[in-house]
Amino acid sequence: MTAPRISFEFFPPQSLEASFRLWDTVQVLAPMGPRFISVTYGAGGTTRDLTHEAVTTLHKTTGLPVAAHLTCVNATKEETLNIANAYAEAGINQIVALRGDPPKGSGGFKAHPEGFADSCELISALADTGKFTLRVGAYPEKHPEATDHKADVEWLKRKLDAGASEALTQFFFEAETFLRFRDACADAGITAPIIPGILPIENWKGVKKFSAACGTSIPAWLDDAFDKALRDGRQDLLATALCTELCDDLLREGVEDLHFYTLNRPELTRDVCHAIGVTPQVKLQNVA
Ligand code: FAD
């Protein structure tokens with residue numbers, strides 16, 4: 001089995017300590033030679049400036065392709081396109097284009113009166129500039145707001161037809177979940193790569209809460225396994241073993257790319273990458 005191509009997702013640091021942690025994480029993971037790294041855009045557009053700063057700094061210091069996440073939330077079309085243009089001017093030509101999550105407690109997404117109504121509008125406008133490679137989000141277990149699986153897959157096809165070239169999925173815990181989704185996408189005529197999003201589990205309690213919010217189901221066996229591992233202080237060992245097994249299962253089914261949600265922590269992602277045959281590339285080791 002050949003080693004997969006990988007990419008890493010980070011979030012923008014909000015304090016000096018968090019900046020150091022991101023820096024350390026990038027130092028460990030950049031030498032693995034990711035195809036790209038990406039930086040999220042806080043829910044509600046709350047990290048607009050921090051995302052921009054993190055993206056441009058990583059672009060300058062790592063020499064790696066950096067993708068900026070961009071959402072439609074709380075901004076006019078002009079403001080959103082100005083952000084994108086500032087990226088283009090800084091030499092950043094990859095965007096993960098999303099509708100975005102609204103600010104906490106705001107009761108659901110409401111388009112800004114002068115903003116993009118949905119992700120398809122944003123993707124079309126970005127594609128029209130001709131300046132960006134665009135990726136979009138995808139939901140193997142259905143987005144919580146989608147009426148059903150079929151509508152969700154059809155919407156994904158519309159996003160790709162609007163000008164995106166790849167989709168990155170929400171995280172999931174069983175390979176079968178992704179494989180079923182991949183089949184449904186193929187049946188719907190989607191030919192663009194669908195890249196599985198992989199979440200190494202750093203903190204089981206936090207992951208459970210997050211999973212409930214974004215509609216990722218938790219198999220009972222996984223909950224039991226973490227209960228026991230937490231009692232024995234072996235959760236990192238379990239997390240590495242399970243995440244490696246998930247990646248292995250996907251690779252055996254022909255998956256060629258994996259997108260890791262690093263949560264700005266390098267250890268588990270690094271260990272899993274090593275286990276699936278992705279090792280540091282010497283020429284990149286001094287870059288970060
Ligand atoms: P969409 O795919 O546009 O919409 C979600 C679902 O709602 C669709 O699948 C579709 O079923 C339905 N839907 C929406 N609009 C319509 C419509 N007009 N007609 C019919 N159906 C519709 N959030 C952030 O705030 N910042 C980030 O940086 C961020 N990064 C992410 C990265 C990845 C890889 C993923 C998977 C998600 C990320 N999110 C982020 C979360 C994302 O913003 C939320 O899941 C949000 O609720 C949906 O955004 P989307 O672009 O995927 O939405």
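The values are calculated or read from the model by the stated rules, or taken from the named source; none is laboratory data. Bear in mind that the values here come from a model prediction, so they are computed numbers and not experimental data. So basically every Cβ, Gly included, is an ideal-geometry build from the backbone, and we count neighbours across all protein chains shown.
Some values worked out for this structure:
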| item | result |
| --- | --- |
| Count of residues meeting criterion [under 25 Å from residue 266 (Cβ atoms) and free of Cβ contacts under 8 Å to residues at least 12 places away in the same chain] in region 170-205 | 2 |
| Residue in region 108-130 that is within 25 Å of residue 264 (Cα to Cα) and either of a type outside the set (Ser, Thr, Tyr) or buried (at least 22 other Cβ atoms within 10 Å of the Cβ) (or both) present | no |
| Which listed residue is in contact with a Lys or Arg (Cβ under 8 Å, 6 or more places away or on another chain) and modelled with pLDDT of 95 or more, from 130, 137, 163, 115 | 115 |
| Boolean, residue 34 is in contact with a strand residue (DSSP E or B) (Cβ under 6 Å, 6 or more places away or on another chain) and closer than 18 Å to residue 263 by Cα | yes |
| Hey, residue 104 within 9 Å of the ligand (Cβ to nearest atom) and either surrounded by 16 or more Cβ atoms within 10 Å (Cβ to Cβ) or closer than 28 Å to residue 200 by Cα (or both) or not | no |
| Output for region 23-78, where each listed residue is within 16 Å of the ligand (Cβ to nearest atom) and without any contact (Cβ under 8 Å) to a residue 12 or more places away in the chain | 49 |
| Residue check for residue 162: within 18 Å of the chain's Cα centre (by Cα) and among the aliphatic types (A, V, I, L, M) | no |
| Within region 79-93, considering residues that are over 22 Å from residue 46 (Cβ atoms) and surrounded by 14 or more Cβ atoms within 10 Å (Cβ to Cβ), the one nearest to the chain's Cα centre (by Cα) | 93 |
| Yes/no for residue 187 being within 12 Å of the ligand (Cβ to nearest atom) and out of contact with any Gly (no Cβ under 8 Å at 6 or more places or on another chain) | no |
| Of residues in region 127-178 being in contact with a His (Cβ under 7 Å, 6 or more places away or on another chain) and farther than 14 Å from residue 192 by Cα, the one farthest from the ligand (Cβ to nearest atom) | 142 |
